[in-house]
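K.L.:
I am attaching a structure below and will ask some questions about it afterwards.
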Amino acid sequence: NAGVTQTPKFQVLKTGQSMTLQCAQDMNHNSMYWYRQDPGMGLRLIYYSASEGTTDKGEVPNGYNVSRLNKREFSLRLESAAPSQTSVYFCASSDLGQGDQPQHFGDGTRLSIL
Amino acid sequence: KQEVTQIPAALSVPEGENLVLNCSFTDSAIYNLQWFRQDPGKGLTSLLLIQSSQREQTSGRLNASLDKSSGRSTLYIAASQPGDSATYLCAVIDSGYALNFGKGTSLLVTP
């Protein structure tokens, strides 16, 4: 019963470094999402992938890129990390057809940019 | 842009009390509304999903209601327990696929 798995769980970067956050789901879901959670701001959508082969920008996409590698995996890349990207990042997945299917979340990646 | 508001921001109750958490949203054209629970340092656990055509959903001691026309939802927790202590998040899907989240209600149930 893995559900949505995110790696790494914690990471500290220096300004300007790059890294990729990995996400995989084993529920055969079509849609996958990346959110960030900041104190006082709630969760905000960075990018999403409605189905394999498609990606779309969310509310806060600047500074990020994504890759939908296959149906299971959806990665988030920071090309040149900035202190403003210090946050907790959550990956989620759901079945296509948003009316009756809940989104399932991973445990998050806690990222600090120094 | 959809705005989701949760009141109160924090709540402390003694064990055994029944309680209500409130969620309001500005655009009533939603597909569904979800209530989540988040424990400190953890991810989100989906508690209840109410489709736009439904009025309420129940799971154990939890009952969520939806009034689309007034842009409101409530989460009712019966006979609260210390294990219910967590942050409760409300989120709606209107257009597109993404959830629009409120900032949450932090609940503390004291023994």
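The values are calculated or read from the model by the stated rules, or taken from the named source; none is laboratory data. For clarity, every value in this text was computed on a predicted model and none was experimentally measured. Note that each Cβ is placed from the backbone with ideal geometry, even for glycine, and that neighbours are counted across all protein chains shown. Remember, those area values only see protein heavy atoms, side chains included, never the ligands or the DNA or RNA. Shrake-Rupley method; radii C 1.70, N 1.55, O 1.52, S 1.80 Å.
K.L.:
Just check the stretch A:40-99 against the gyration tensor rule for me: Cα atoms, a ≥ b ≥ c as the square roots of the eigenvalues, rounded for a/c under 1.5, and otherwise prolate or oblate depending on whether a/b exceeds b/c.
P.N.:
Oblate shape, in that a/c is at least 1.5 and b/c is the bigger or equal ratio.
K.L.:
Then there's this: Using Cα pairs closer than 8 Å and at least 6 residues apart in sequence, work out the relative contact order for chain B, in percent.
P.N.:
Across chain B, relative contact order equals 37 percent.
K.L.:
Still on this structure, please answer the following. Could you sort the residues of the stretch A:26-43 by number and keep only those whose accessible area is reduced by 50 Å² or more in the all-protein-chain setting relative to the chain alone, 1.4 Å probe?
P.N.:
In the stretch A:26-43, residues shielded by partner chains: A:Leu43.
K.L.:
Please report the buried accessible area for the interface of B with A, total over both chains, probe 1.4 Å, in Å² to the nearest 100.
P.N.:
In total, this chain pair buries about 1800 Å².
K.L.:
Using 1/(1 + (r/R0)^6) with R0 = 45 angstrom and r between the beta carbons of A:Val12 and B:Thr26, what's the FRET efficiency to the nearest 0.05?
P.N.:
0.75
K.L.:
Nearest 0.05, what FRET efficiency do A:Met41 and A:Asn70 give at R0 = 25 Å with Cβ-Cβ as r?
P.N.:
About 0.20, to the nearest 0.05.
K.L.:
A further question on this structure: Just in the stretch B:23-111: which trypsin sites (Lys or Arg not before Pro) are loop by DSSP and have at most 14 other Cβ atoms within 10 Å?
P.N.:
Answer by residue number: B:Lys42, B:Arg55, B:Arg61.
K.L.:
Counting Lys +1, Arg +1, Asp -1, Glu -1, what net charge surrounds B:Leu11 among other residues with beta carbon under 12 Å of its beta carbon?
P.N.:
-2
K.L.:
Would you mind giving the mean number of other chain beta-carbons within 10 Å of the Cβ of each residue in B:41-51, as a whole number?
P.N.:
5
K.L.:
Amide H to amide H under 5 Å from B:Thr26: which residues, 5+ apart in sequence or cross-chain, H placed 1.01 Å off N in plane?
P.N.:
B:Glu3
K.L.:
Provide a whole-number value for the mean count of partner chain Cβ atoms within 10 Å of the Cβ atoms in peptide B:28-35.
P.N.:
Whole-number average of other-chain Cβ neighbours for B:28-35 is 2.
K.L.:
Let me ask something else about it. Could you state the number of Å between the C-alpha centres of the stretch B:49-111 and the stretch A:53-94?
P.N.:
Taking the Cα centre of the stretch B:49-111 as reference, the centre of the stretch A:53-94 is 27 Å away.
K.L.:
Counting only heavy atoms of the protein chains, get the accessible area per residue of chain A (1.4 Å probe) and round it to a whole Å² value.
P.N.:
That works out to 46 Å² per residue.
K.L.:
Could you work out the longest stretch of chain A that avoids the trypsin sites (Lys or Arg not before Pro) located in DSSP loops with at most 12 other Cβ atoms within 10 Å?
P.N.:
For trypsin sites (Lys or Arg not before Pro) (loop position, at most 12 other Cβ atoms within 10 Å), the longest site-free span of chain A is A:15-114.
K.L.:
If you take each beta carbon of peptide B:97-106 and count the beta carbons of other chains within 10 angstrom, what is the mean?
P.N.:
Neighbouring Cβ atoms belonging to other protein chains average 6 per residue here.
K.L.:
Right, next: Taking 0.36 nm per residue of separation and subtracting the Cα-Cα distance, what length does fully extending B:Ala10 through B:Thr110 add?
P.N.:
Stretched fully, the B:Ala10-B:Thr110 segment lengthens by 34.6 nm.
K.L.:
Still on this model: Compute the Cα gyration tensor for chain B, then decide on rounded, prolate or oblate, letting a ≥ b ≥ c be the square roots of its eigenvalues: rounded whenever a/c is under 1.5, prolate when a/b is larger than b/c in the other cases, and oblate in all that remain.
P.N.:
Note, shape of chain B comes out prolate.
K.L.:
Regarding chain A, what is the average projected area of its C-alpha convex hull, in nm²?
P.N.:
6.8
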